[in-house]
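First the structure, in the form of structure tokens, and then the observations on it.
The values are calculated or read from the model by the stated rules, or taken from the named source; none is laboratory data. Here the structure is a predicted model, which means the values were calculated and not measured. Using ideal geometry, Cβ is built from the backbone for each residue, glycine included, and neighbour counts are taken over all protein chains shown. The area values use the complete protein model at the heavy-atom level, side chains included, leaving out ligands, DNA and RNA. Shrake-Rupley method; radii C 1.70, N 1.55, O 1.52, S 1.80 Å.
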Amino acid sequence: MSAVRIEPIAGGSITSAPGFEAAGISCGLKPDGALDLALVYSSRPCVAVAMFTTNLFKAAPLLYDQELLRENPESLRAVVINSGCANACTGEQGLVDARDMAAETAQLLGIEPQGVFVMSTGVIGLRLPMDKIRSGLKLAVGQLSADTEGGHRASRAIMTTDTIPKTLAVRVCSQAGEFTIAGMVKGSGMIHPNMATMLGTMVTDVRIGPDLAGRALHEAVEASFNLVTVDGDTSTNDTAVLFANGGSEVEISSEASASYRAFVEGLTYVAVELAKALARDGEGATKFIEIHVEG
């Protein structure tokens, strides 16, 4: 019998993990005025790891993020996500815009530019309207909140063709102590193979290094998002990122430790539940699709 107990947090959101704040605002990227810019911020530096699309064509934010994590995996503070424009197939200017989006966010937060992870989703082939992004970032920073509603607004702001927001938070109770894992994802069409058109952000308050965090994320994603199939398309933007801010008393120092296995169990639980939500909301398949997830 497992010594790990996973307790879903009723009404929880990404801000249910201690030390994280979030906001979701409208900056005019969507014609209908819906929320389209999300910001998640940690009060302390985080270890960050990510998995990216296997598509040979990667959008500018992914190229920026891959370089960012190679150089700076242990002191990230924020994730900024826009919907409505994917910043994909935009050439060198797309990279400039992704860097500017991170730099503008960092300046407003009073942190280093290397502390901001960037994601975009939406229409391919269009440049980001940076004037709208800049105005929206000021609003988002001003609305950051540790309340669960801030997290729920962020989960709605990353939606594109999704019909419902997808978010979950759990409390994991283990022999090593208690910690929290929370996450939000978007994606309803083009989510196969291997995370295509899926953006996922997961956060936790455990203390863990980048190598172990990367292994844990890989285990969780392979057992969840990488098993989902809806319509067989691929994407240029799909990303799953994990932020760990070390705010709890649970420290993970070895892959052989009970605390590591408890963390993987909790992370996989969150990822599987979010993957099921993706499948249920699959374009044209909302009422008909069934998902079988092993692990």
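Below, the figures for the structure above:
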{"quantity": "Qualifying residue in segment 148-167 (condition: assigned to a strand (DSSP E or B) and surrounded by 20 or more Cβ atoms within 10 Å (Cβ to Cβ))", "calculated": "yes"}
{"quantity": "Residue that is assigned to a helix (DSSP H, G or I), touching a residue at least 40 places away in the same chain (Cβ under 8 Å) and touching a Ser or Thr at 6+ places or on another chain (Cβ under 8 Å), where the choices are P18, P45, P61", "calculated": "P61"}
{"quantity": "Where a residue in segment 73-91 is within 22 Å of L242 (Cα to Cα) and its partner, wherever it lies, is of a type in the set (D, E) and open to solvent by less than 10 Å² (accessible area, probe 1.4 Å), with Cβ under 9 Å and at least six apart", "calculated": "N82/D36; S83/D36; N87/D97"}
{"quantity": "Boolean, N82 is assigned to a strand (DSSP E or B), touching a strand residue (DSSP E or B) at 6+ places or on another chain (Cβ under 9 Å) and of a type in the set (S, T, N, Q)", "calculated": "yes"}
{"quantity": "Test: residue in segment 119-130 that is buried (at least 22 other Cβ atoms within 10 Å of the Cβ), in contact (Cβ under 8 Å) with a residue 40 or more places away in the chain and more than 16 Å from G24 (Cα to Cα)", "calculated": "yes"}
{"quantity": "Residue that is farthest from C89 (Cα to Cα) [pool: residues in segment 236-295 that are acidic (D, E) and modelled with pLDDT of 90 or more]", "calculated": "E249"}
{"quantity": "Restricting segment 28-71 to residues that are within 15 Å of N237 (Cβ to Cβ), of a type outside the set (A, V, I, L, M) and open to solvent by 70 Å² or more (accessible area, probe 1.4 Å), the residue that is modelled with the highest pLDDT", "calculated": "F57"}
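Quick grid of which residues meet (1) under 19 Å from the mean Cα position of the chain (by Cα); (2) open to solvent by less than 10 Å² (accessible area, probe 1.4 Å):
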{"position": "S248", "(1), (2)": "no, no"}
{"position": "S254", "(1), (2)": "no, no"}
{"position": "S257", "(1), (2)": "no, no"}
{"position": "V264", "(1), (2)": "yes, yes"}
{"position": "L267", "(1), (2)": "yes, yes"}
{"position": "V270", "(1), (2)": "yes, yes"}
{"position": "E273", "(1), (2)": "yes, no"}
{"position": "L278", "(1), (2)": "yes, yes"}
{"position": "D281", "(1), (2)": "yes, yes"}
